[in-house]
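Working notes, structure below.
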Amino acid sequence: MDASTLSRIGLAGLAVMGQNLALNIAEKGFPISVYNRTTSKVDETLIRAQSEGPFSLTGQYSPRDFVLSIQRPRSIIILVKAGNPVDQTISALTEFMEPGDTIIDGGNEWYQNTERRIQQVSDKGILYLGMGVSGGEEGARHGPSLMPGGSFEAYKNIESVLKSVAAQVDDGPCVTYIGEGGSGNFVKMVHNGIEYGDMQLISEAYDVLKNVGGLSNSELAEIFGEWNRGELESFLIEITSDIFKVKDNLVDGDLVDKILDKTGMKGTGKWTVQQAAELSVAAPTIAASLDCRYLSGLKEERESAAEILKEAGLEEEVGSVKSGVDKKRLIDDVRKALYASKICSYAQGMNLLRAKSVEKGWDLDFGELARIWKGGCIIRAVFLDRIKKAYQRNPNLASLVVDPEFAREMVQRQAAWRRVVGLAISAGISTPGMCASLAYFDTYRRARLPANLVQAQRDLFGAHTYERTDRPGAFHTEWTKLARKSNAGAGAFS
Ligand code: 2AM
């Protein structure tokens, strides 16, 4: 093929995300070659390129023709199912690739798989990037948030393409070089964990407003619409407002009320919680959102528990709480509770990223991460600009909770936050995300915790020793012996 007709970039794997990303790249003026194992998807993509374009997009029907149709050093994005399909695609393509060429895996891959593949392809002199892509179908087509990690040289080769296909916000395109190794996949994984937290918190706000406040779906649509014009302005709040407006087309009523209350998931939330545990980072809000997805899956068990506990005499508290509730104030309180809970959830996610960055030497720039999440991705929100600024003020910030601005916002909202959680608890409406965030806040902000007692217990039964508040060193006490001897507390309450 004559050099002038070679493509700037290639993309293999033409399922929904792949097709949309390929069309986005082509639309931004970068000639692209596309390939898919099942060739009918190549034709599908060509037809779309004609009708949405015309764009400079070339379909290829074999790995060899595909690779050879791209200009060197080649950059090839693969968007196939995570796991084995990625390995198979890499081996099919690298057979024809040359030193200096790059594979960019855009799937939701486990970061260690990326690190293994970086090693594997390096034997052939091939460079590698594991790139988180967020924004779903729409994002891929019109501007996703991109999180590429791995070879910096490989990043530089396609920086201009990525910067132009990514979502654009006031402070630039939503892409940055994340760091070495599997950092791009890891950051995307935590992004998804944070997304779980956001969705859980929003669903709790809905539950409280509906079941304590008695709001109708049309009122909810209006409230979420209003919230989307303030501090909570975000993609997830906006789509939530839209969801409440949709009528069912099969039977009377609103569609949201007809949806089975069982949540699906693909695994990145679970990985996030597993990593938090591995790294000894508390991530209770994200963990609560994962637990809630598990509990939601037990639909039949929950139905039977509801029956059994009703028969056992469980009172419906909701009614009595509802009658005394000031709707306007409740709405305002829930908004504040949601915002404060969100700060704690993001604090957990960012601290998980920091712990991993330290462990792996990735040198992650948290302000930049917040910036590239401002557009394109599912958690995009005005709020992320505040996080970006917090890390710009202090790159070594111990927690978002103690950034002076966030600290002030949390304190301003804490009374409302406590009212919402208290009200939900007395109404028997579970708000595990909001409770987890509040407990996280209340634990983190206290200079002294009851951990002294836990240390005493550990020392008593396991001679694990303890430290003292007033002098250095490790101490051990014969607790049982001394307690029996002193008998001091006996009869204190008699
Ligand atoms: P297919 O259309 O040939 O099935 C999402 O499933 C994407 O991953 C599809 O483009 C699919 O290709 C691709 N894919 C899944 N397993 C694959 C494999 N083992 N090799 C190559 N592509 C694969």
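Here, each number is a calculation from the coordinates, and none is a lab measurement. Just so it is clear, the model here is predicted, and its values are computed rather than measured. Cβ: placed from backbone, ideal geometry, glycine included. Neighbour counts: every protein chain shown.
If the limit is 32 Å between Cα atoms, which of LYS299/LYS388; LYS81/LYS163; LYS188/LYS262; LYS328/LYS356 go over it?
Numbers: LYS299/LYS388 40 Å; LYS81/LYS163 25 Å; LYS188/LYS262 24 Å; LYS328/LYS356 43 Å.
Correct reply: LYS299/LYS388; LYS328/LYS356.
What Kirkwood Rh does segment 419-494 have if only Cα atoms enter the pairwise 1/r average? Answer in Å. Write out the running numbers ahead of the final one.
Working: mean 1/r = 0.0622 Å⁻¹.
So the Kirkwood estimate lands at 16.1 Å.
How large is the translational diffusion coefficient of segment 1-127 in µm² per second when you combine the Kirkwood radius over alpha carbon pairs with Stokes-Einstein at 20 °C and 1.002 mPa s?
Translational diffusion coefficient: 148 µm²/s.
Straight-line reach only, C-alpha to C-alpha below 19 angstrom: list the lysines that LYS389 could link to, leaving out same-chain residues fewer than 8 apart.
LYS342, LYS374
Sum up the charges of everything whose Cβ sits under 10 Å from the Cβ of GLU405, counting Lys and Arg as +1 and Asp and Glu as -1, but leave GLU405 out.
Net charge in that neighbourhood comes out at +2.
On a 0 to 90° scale, report how tilted helix 16-27 is relative to the longest principal axis of the chain, with both axes built from alpha carbons and the result rounded to the nearest 10.
Helix 16-27 sits at roughly 60 degrees to that axis.
When the chain is fully extended, how far beyond the present Cα-Cα distance does GLU222 get from ASP261, taking 0.36 nm per residue of separation? Can you show the working numbers first?
On the way: separation 39, 0.36 × 39 = 14.04 nm, distance 2.28 nm.
11.8 nm is the gain from fully extending GLU222 to ASP261.
Please work out the C-alpha center-to-center distance from segment 318-371 to segment 16-66 and express it in whole Å.
Answer, in whole Å: 40.
Between exposed chymotrypsin sites (Phe, Trp or Tyr not before Pro) in the chain, where DSSP calls loop and at most 13 other Cβ atoms lie within 10 Å, what's the longest gap? Could you put the intermediate results ahead of the total?
Working: sites that count: TYR61, PHE493.
Result, exposed sites excluded: 62-492.
Computed from the mean reciprocal separation of all distinct C-alpha pairs, what Kirkwood hydrodynamic radius does segment 269-377 have, in Å? Before the final figure, lay out each step's value.
Details: mean 1/r = 0.0568 Å⁻¹.
Hydrodynamic radius (Kirkwood, Cα only) of segment 269-377 equals 17.6 Å.
Please pull out the direction-averaged projected area of the chain, using the convex hull of its alpha-carbon atoms, in nm² to one decimal place. Numbers along the way, then the final one.
Working: hull surface 124.1 nm².
Over every viewing direction, the Cα hull of the chain projects on average to 31.0 nm².
Starting from 0 in steps of 10 Å, tell me what percent of the Cα-Cα pairs of segment 195-353 lands in each bin.
Each 10 Å bin holds this share of Cα pairs: 9, 31, 37, 20, 3.
To test your reading of the geometry: what angle, between 0 and 90 degrees and rounded to tens, separates the Cα axis of helix 152-165 from the longest principal axis of the chain?
90 degrees
Aspartates and glutamates near LYS247 by alpha-carbon distance under 13 Å, same-chain residues fewer than 8 away left out - which ones?
ASP257
As a check on your grasp of the helix formula, calculate [θ] at 222 nm for the chain: sum -39500 (n - 2.57) over DSSP H runs of n ≥ 4, divide by the residue count, round to the nearest 500. Write down the numbers at each step before the final one.
On the way: 21 runs with 277 residues, N = 494.
Only helices count here, giving -18000 deg cm²/dmol.
Helix 84-94 versus the longest principal axis of the chain: what is the Cα-based angle in degrees, 0 to 90, to the nearest 10?
30 degrees
What value in Å³ per residue do you get for the convex hull of the alpha-carbon atoms in segment 106-170?
Details: hull volume 5.9 nm³, N = 65.
Taking the convex hull of the Cα positions in segment 106-170, it is 90 Å³ per residue.
Would you mind checking the radius of gyration and Dmax of segment 344-494 based on alpha-carbon positions, in Å?
When restricted to Cα atoms, segment 344-494 yields Rg and Dmax of 21.7, 68 Å.
About its Cα centre, what dipole magnitude does the chain give when the only charges are +1 on Lys and Arg Cβ and -1 on Asp and Glu Cβ, stated in debye to the nearest 20?
Roughly 1300 debye, rounded to the nearest 20.
For segment 324-369, what is the convex hull volume of its Cα atoms per residue in Å³?
On the way: hull volume 2.7 nm³, N = 46.
With only Cα atoms used, segment 324-369 gives 58 Å³ per residue.
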